[in-house]
Amino acid sequence: MRTALAGLALAAGLAATPVPAQEVATAPAGEPAPVLVLRQDELFAASAFGQAAAARQDAAARALLAENRQIEAALEAEERDLTERRPSLPPEEFRRLADAFDDKVEAIRTAQDAKGRAIARLRDDDRTRFLQAAVPVLAEIMAEYGASVILDQAVVVLSYDRVDITGIAIARIDARIGAGDLPDAAPEGPLPDPAPDPAPQPAPAPVP
């Protein structure tokens, strides 16, 4: 999946389980770190927004489960009633009622499955909006370190702790957006290159 973080060379896929953030020190002054490391599995899950998003998804999933149980109990009662009435019904009438019941069950199953898929999309949508909001913060950190790329920890074999910006990024993103609402996701795309320095202007010609 191509996201707005593609320009920062971040790999996709954030973990859902919140993990405590670990603050790390910034790079010493005068020592630029051209490559930075980010524990991306923590960036979303350990942020205030990520934890609030997980709570919202969990609440929606539990509400849907309770609704499904109520529907299941009602359908079981309706099925028992139809079965008990079968001996007193003409075969054609029973078949008509049974077919109608089967159609009802199928329609309900389709509707409830759609609700489940919508809940499953909640986290992906929240994550996309979060990452787009995180891009300016990560770009600021890159500028402070004099870095040109951020790599996910999963693809790094060995690195110094001082180039791990996960804790700093979480703290700054929390301060910037907290657990509040974010705008809908914008079209995905790479981070634009920094604007080039303006070209030097020629000196004015001397006045004769």
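Since every read-out is calculated from the coordinates, none of them should be taken as a lab result. Remember, it's a predicted structure, so these values are computed and weren't measured experimentally. Positions of Cβ are backbone-derived with ideal geometry, glycine not excepted, and every protein chain shown enters the neighbour counts.
Things worth noting here:
- Hull volume per residue, based on the alpha-carbon atoms of the range 29-114 and their convex hull, is 109 Å³.
- With a simple spin-label model that places each label point 7 Å from the Cα along the Cα-to-Cβ direction, the separation between A143 and Q51 comes to 2.9 nm.
- Sequentially through the range 45-61, phi angles give Karplus couplings (6.51, -1.76, 1.60; θ = phi - 60°) of 5, 8, 6, 4, 5, x, 5, 5, 5, 5, 5, 5, 5, 5, 5, 5, 5 Hz, Gly and Pro residues having no value and appearing as x.
- Radius of gyration and maximum dimension Dmax of the range 66-144, Cα, Å: 24.2, 82
- Summarising the label geometry, the points placed 7 Å from Cα in the beta-carbon direction at D99 and D58 lie 4.8 nm from one another.
- In sequence order, calculated HN-Hα J values of the range 89-99 (Karplus, 6.51, -1.76, 1.60; Hz; x Gly/Pro): 9, x, x, 5, 5, 5, 5, 4, 5, 5, 5
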